[in-house]
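Input: a single structure, listed below in structure tokens.
The values are calculated or read from the model by the stated rules, or taken from the named source; none is laboratory data. Since this is a predicted model, take the numbers as computed values, not measurements. Neighbour counts are summed over all protein chains in view; Cβ atoms, including those assigned to glycine, are modelled from backbone coordinates with ideal geometry.
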Amino acid sequence: MARVLVGVKRVIDYAVKVRVKPDKTGVVTQGVKHSMNPFDEIAVEEAVKLKEKKLATEVIAVSVGPTQSQEVIRTALAMGADRGVHVEVPAAEYELLQPIHVSKILAKLALDEKADLVILGKQAIDDDANQTAQMTAAVLDWPQGTFCNKIEKTDAGLTITREIDGGLETIKTKTPAVLSADLRLNTPRYATLPNIMKAKKKPLKKVTAKDLGVDTTPRIEVVSVEDPPVRKAGATVADVDALVAKLKEGGHI
Amino acid sequence: MWKYRTLNNCNLAVSSLFCSRLPANQTKFNAVCNSRNKSTVTENQSFMANIFRGSLVSKQVFPYPDVLNAEQKELTNSLIDPFERFFSDVNDAAKSDANSKMDDDVAKALWELGAFGIQVPADFGGLGLNNTQYGRLCGIVGANDLGLGITIGAHQSIGFKGILLYGTPEQKAKYLPKVAAEQVYAAFALTEPSSGSDAGSIRCRAVKTPDNKYYVLNGSKIWISNGGIAEILTVFAQTEVVDPKTGQKKDKVTAFIVERSFGGVTSGPPEKKMGIKASNTTEVYFEDVKIPVENVLGKEGDGFKVAMNILNNGRFGMGATLSGTMKKCIELATAHATNRVQFGQHLKNYKGIQDKIAQMNILQYATESMAFAIAQNMDAGSQDYHLEAAISKIYASECAWYVCDEAIQILGGMGYMVETGLERVLRDLRIFRIFEGTNDILRLFVALTGIQYAGSHLKELQQAFKNPAANLGLIFKEASKRAASTVGLGGTDLSVHVTDELLPSSKKTAHCIDLFGQTVEELLIRYKKDIIHEQILLTRLANAAIDIYSMVVTQSRATRAVNLNLPTAQHELNMTKALTIQASDRVINNLKDITSSRQKALNEQISVIAGTIFENGGVNTTGILDEN
């Protein structure tokens, strides 16, 4: 029986076409649809499944970010998490918040809440950092199981199938541990409307990074955010000979 | 929230406006004014009803209502995403259409989503949302699957709405949890083979048993949505009611909650329909069905009122739903016009296409503005929304048909293909002009209800005069003249309610409202009670009323957009201005036609033509090749 801490990040919705701000300091977030990071949804689903299988006693959803982050905590609660912790970071500071900060916060919470398992999405679809789970494990000095494809409870701990290049890898780990969810771990459930209503009544605690003793002072500076270069139009060639000639001309062969 | 201070001011303005039209007999003037002031609480607050008597009661339209508090708005927003995801990930509208049935696992997921008990209080297992919040979700349904919309609409908008509105605490406790979340379907059974628009003429009959414990119901209903799957039915039947005053026995309609498990309830095979195929439509038969007396819904003999109020209460949902449908059609048409190149140009660069797409959005804007004005009025506790609800049903169903049709036109051959999905929407949409009160009947309802209201006020005027009825016409003329001469050209002034940029628009609308009130009076003078037979005129009057309502709600909403500094404000203003030009022109033409002799001659001609056709059972012309 374990207590599971799940990280949920609020990101720009996957279906939104992201636009760069005219002053190139970042991307446009105002008036843009946000939702829970898809990999975090998978993490929440896995945690809730563990609870349904009576392998976990409690699921705690954590989000680090500005006030709006509570939206994704509510979604996690509607999916079946028991309570939420919102670590408030002011919007301006949040823009420069890095995985190192988040992992320190999560590690502190994991200890404070006496969690036996931390499950995170393998990466967030906004910054694609893919670092938080690994760093959290390092801060806690716990074993890690990243890119989980399957999580099974065994007597000694957990048997985890990981997605690696070219196949799957099976490892065994003891708990407590930090896991990160890959795409094929499960299919997340929908938060149904009645559950959203019920989630309103579940507890949501608010703390600051300072309360947790984590320094979130930015250590980086954003110099410029640019659109990807526009792909130049191609050309059609008459036959293979012309193609070969063109390639030679361009120094490609 | 409603701005109560502003409202009270409006009330005063209304009273004084009314009084200014009374005769200059000071004593009676004061008496009527006082009685009016006392009765403001119960006074009809409907904007539309009041323009029939040429007066302005603005509280239900200006300022644009805003009834949800911050928490309710946030909650509503949190429901949008999962609701939309159901449609994008689970539901398959095309498949349900092709199979004439929603898949069982889709239906199950829809129940789990909570979509069948949206307005049932949380204590009874529902979501406990109000009309405005329900309307927001309806828009999503309308954008995705109208057939599914009928299944959940027939269930909660009419099927068990009677229990919500009229149910006793026991009835609510017994039935609401089932229909809200326990996968028990409900249906509304009013229509019969010989009783469609004329709902008072139903033949189903319920007879009380001698021990007064049961009613025994016999008869049949047709075209009942969810008829084949419903376990709980709201059924209307004739019952013998004794008038407590006269002691006379009389047939009156009574509403009942009927469970299929009572025995004797059977249903026919699913009807094959043009559209909304995902929904189940059947005949329902009642053979000696024993209904416990405690299952009477509302009072015995009040069934007609119960039925009408259920329908009135649910109508706003259609506007909300169809504004979502239109939005989707516009999206598809916009995407096509943006990408498709013909004659070396993207379609969007052609003025003809621009005209179509702009027109489509203007109608969508007006439909949505109506739906959410009404929903919010209802949530603010208004009882006077029936005219507006009927107007919005007519408007929404006709605009949606037009918009979908034009979307198909913009997409050309592509629009005609099943794959695109618009042909299904067009088939689905056709029923909306027919069911829950045909648009033709609702037009008469709008015109006659308004006229009746105006007439009752004129009667008050008449009593104030205490003149013999013979002079009624004269009094009407006087009143009409006075109304027009009170302030320059007309008495109506909307300028205080709209943003500066809409002042010219509001002036046009005010002129229409003045003309409207005068036309109603003229009609009353000319036709008196016989106005009821002048359906062509009544329909024109209703059309004018609909156009006026569309102008007022859009002007109010665009003003709101400006006041809130919304990024879309200028676009909303532009659409409102365009709509006002078109709608006010139509209003003036319609109103002029009502009283013009040329139009009267035309109407008579039309009657003669129709008479000939009916006499001959169809077309009665000699074919070009048939003469000899």
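For region B:176-193, how many residues are in contact with a helix residue (DSSP H, G or I) (Cβ under 7 Å, 6 or more places away or on another chain) and surrounded by fewer than 16 Cβ atoms within 10 Å (Cβ to Cβ)?
Result for region B:176-193: 1.
Could you check region A:189-209 and list, in sequence order, the residues that are in contact (Cβ under 8 Å) with a residue 12 or more places away in the chain, aliphatic (A, V, I, L, M) and not in a strand (DSSP E or B)?
If the condition is that a residue be in contact (Cβ under 8 Å) with a residue 12 or more places away in the chain, aliphatic (A, V, I, L, M) and not in a strand (DSSP E or B), then A:A191, A:I196, A:A199, A:A209 are the ones that fit.
If you check B:G135 against the conditions, is it surrounded by 18 or more Cβ atoms within 10 Å (Cβ to Cβ), within 14 Å of chain A (Cβ to nearest Cβ) and closer than 27 Å to B:P169 by Cα?
Taking the combined requirement at face value, the residue does not satisfy it.
Of the residues that make up region A:109-119, is at least one free of Cβ contacts under 8 Å to residues at least 40 places away in the same chain, touching a helix residue (DSSP H, G or I) at 6+ places or on another chain (Cβ under 6 Å) and not hydroxyl-bearing (S, T, Y)?
So far as region A:109-119 goes, no, none of its residues is free of Cβ contacts under 8 Å to residues at least 40 places away in the same chain, touching a helix residue (DSSP H, G or I) at 6+ places or on another chain (Cβ under 6 Å) and not hydroxyl-bearing (S, T, Y).
Among the residues of region B:82-96 satisfying the criterion of being surrounded by fewer than 19 Cβ atoms within 10 Å (Cβ to Cβ) and part of a helix (DSSP H, G or I), which is nearest to the other protein chains (Cβ to nearest Cβ)?
So, considering only residues that are surrounded by fewer than 19 Cβ atoms within 10 Å (Cβ to Cβ) and part of a helix (DSSP H, G or I), the one nearest to the other protein chains (Cβ to nearest Cβ) is B:R85.
Scanning for something at pLDDT 95 or above and either within 14 Å of chain A (Cβ to nearest Cβ) or assigned to a helix (DSSP H, G or I) (or both), does region B:183-197 turn up at least one residue?
Yes - at least one qualifying residue is present in region B:183-197.
Return yes when B:I158 is touching a strand residue (DSSP E or B) at 6+ places or on another chain (Cβ under 9 Å) and either in contact (Cβ under 8 Å) with a residue 24 or more places away in the chain or over 18 Å from B:Q183 (Cβ atoms) (or both) and no when it is not. Working first, answer last.
Values: touching a strand residue (DSSP E or B) at 6+ places or on another chain (Cβ under 9 Å): yes; either in contact (Cβ under 8 Å) with a residue 24 or more places away in the chain or over 18 Å from B:Q183 (Cβ atoms) (or both): yes.
So B:I158 fits the description; yes.
Among the residues of region A:214-223, is any more than 14 Å from every other protein chain (Cβ to nearest Cβ), more than 21 Å from the chain's Cα centre (by Cα), closer than 30 Å to B:A180 by Cβ and of a type outside the set (V, I, T)?
Among the residues of region A:214-223, not one is more than 14 Å from every other protein chain (Cβ to nearest Cβ), more than 21 Å from the chain's Cα centre (by Cα), closer than 30 Å to B:A180 by Cβ and of a type outside the set (V, I, T), which makes the answer no.
Mind checking which strands (runs of 3 or more DSSP E) fall wholly inside region A:1-64 and carry at least 1 residues that are within 14 Å of another protein chain (Cβ to nearest Cβ)?
Counting at least 1 such residues, we get A:10-12, A:34-36.
Suppose the filter is touching a residue at least 12 places away in the same chain (Cβ under 8 Å) and within 14 Å of another protein chain (Cβ to nearest Cβ); does A:V89 pass it?
Spelling it out, it is not the case that A:V89 is touching a residue at least 12 places away in the same chain (Cβ under 8 Å) and within 14 Å of another protein chain (Cβ to nearest Cβ).
Taking A:Q70 as the residue in question, decide whether it is out of contact with any helix residue (DSSP H, G or I) (no Cβ under 9 Å at 6 or more places or on another chain), in a helix (DSSP H, G or I), within 14 Å of chain B (Cβ to nearest Cβ) and of a type outside the set (A, V, I, L, M). Lay out the reasoning, then the answer.
Details: out of contact with any helix residue (DSSP H, G or I) (no Cβ under 9 Å at 6 or more places or on another chain): yes; in a helix (DSSP H, G or I): yes; within 14 Å of chain B (Cβ to nearest Cβ): yes; of a type outside the set (A, V, I, L, M): yes.
Yes, satisfied.
Give region B:348-377 a look and list any residue that's more than 14 Å from B:G314 (Cα to Cα) and β-branched (V, I, T), or say none.
Of everything in region B:348-377, those that are more than 14 Å from B:G314 (Cα to Cα) and β-branched (V, I, T) turn out to be B:I353, B:I357, B:I362, B:T367.
Going through B:E240, B:E192 one at a time, which residue ends up being more than 20 Å from B:K290 (Cβ to Cβ), touching a Lys or Arg at 6+ places or on another chain (Cβ under 7 Å) and touching a residue at least 24 places away in the same chain (Cβ under 8 Å)?
B:E192
Consider region A:73-99. How many of its residues are acidic (D, E) and either within 23 Å of A:K49 (Cα to Cα) or part of a strand (DSSP E or B) (or both)?
2
Find the strands (runs of 3 or more DSSP E) located wholly in region B:223-327 whose residues include 2 or more that are at pLDDT below 95, and list them.
B:230-242, B:249-259
Being buried (at least 24 other Cβ atoms within 10 Å of the Cβ) and within 30 Å of B:G162 (Cβ to Cβ) narrows it down to one of B:T282, B:T325, so name that one. Quick ask: steps written out before the conclusion?
Working: B:T282 fails: buried (at least 24 other Cβ atoms within 10 Å of the Cβ).
The conditions single out B:T325.
Go through B:L110, B:L56, B:L75 for me and flag whichever is within 14 Å of chain A (Cβ to nearest Cβ), closer than 22 Å to B:A380 by Cα and of a type outside the set (G, A, S).
Within the list B:L110, B:L56, B:L75, the selection yields B:L75.
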